[in-house]
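Below is one structure, written out as structure tokens, with a few remarks after it.
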Amino acid sequence: MQVFMKSSLKRAIQKLQRSEEGVTLVELLLALVISTIFAGIIITVFLSGTLGFRLTNDSSSLRAEADYLIASVMQDLNQTKFDAMTESNGVYTFHVLNDPKVSSNGILYRESGYLDTGKTLSAASFSSSTNDVVLQSMDISIVDGTVEARNNQPTYYKSGLIELTITLSPANDPSETKTFTSAIPF
């Protein structure tokens, strides 16, 4: 029995020596180089995707904030019933015509001039709605305005375009500003 075990053991060892498969150092280094290249490609794709997402997200936030500010100005204009506006030092004041009156003779007449509605529009009255976006500047101007000139009175704009120029930047990078321009008819 012992002889049988020795010969069996001998055969098993010889079989293991012949069938032993291993990895050489060259194969190991080649696998390491290939996996490093794949890891570099994956990391590069991930980083560029993350950067692209951040830029798109920042741009989206700026556009949304500009839309909010323009909608705020439009809401102020729509809520104000006015016939004309005047400008003084960047503040636009809304005016209405005097109400018609009836004279003692029964004739309907309207006194010349405008009455101040008490409502104004200025860039200083608007601010950013979120902490993620910084309102760098906001400029309000009248373009192609129809003017009613009167002696010794301010210039009354009866119609035209209110042009808004809004400069915004992300709060995390104030150096990256973006300017939006919109025109609102009145």
Check whether at least one residue in region 170-179 is basic (Lys, Arg) and closer than 13 Å to residue 86 by Cα, and report yes or no. no
Go through region 140-159 and give me each residue that's surrounded by fewer than 17 Cβ atoms within 10 Å (Cβ to Cβ) and under 35 Å from the mean Cα position of the chain (by Cα). 141, 143, 144, 146, 147, 158, 159
Kindly establish whether residue 78 is out of contact with any strand residue (DSSP E or B) (no Cβ under 9 Å at 6 or more places or on another chain) and touching a residue at least 40 places away in the same chain (Cβ under 8 Å). no
Could you please tell me which pairs satisfy a Cβ distance under 6 Å, a separation of 6+ or placement on different chains, a first residue in region 36-60 that is closer than 29 Å to residue 176 by Cα, and a second residue that is surrounded by 10 or more Cβ atoms within 10 Å (Cβ to Cβ) and modelled with pLDDT of 90 or more? 58/170
Every residue in region 90-136 that is charged (D, E, K, R) and surrounded by 13 or more Cβ atoms within 10 Å (Cβ to Cβ), please. 119, 132
Just one of (1) surrounded by 10 or more Cβ atoms within 10 Å (Cβ to Cβ); (2) over 30 Å from residue 173 (Cβ atoms) trips up residue 81, so point out which. (1)
Suppose the filter is part of a strand (DSSP E or B), β-branched (Val, Ile, Thr) and without any contact (Cβ under 8 Å) to a residue 12 or more places away in the chain; does residue 143 pass it? no
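The values are calculated or read from the model by the stated rules, or taken from the named source; none is laboratory data. Worth saying up front: this structure is predicted, and the values here are computed from it rather than measured. Cβ coordinates were reconstructed from backbone atoms using ideal geometry, including for glycine residues, and neighbour counts include every protein chain displayed.
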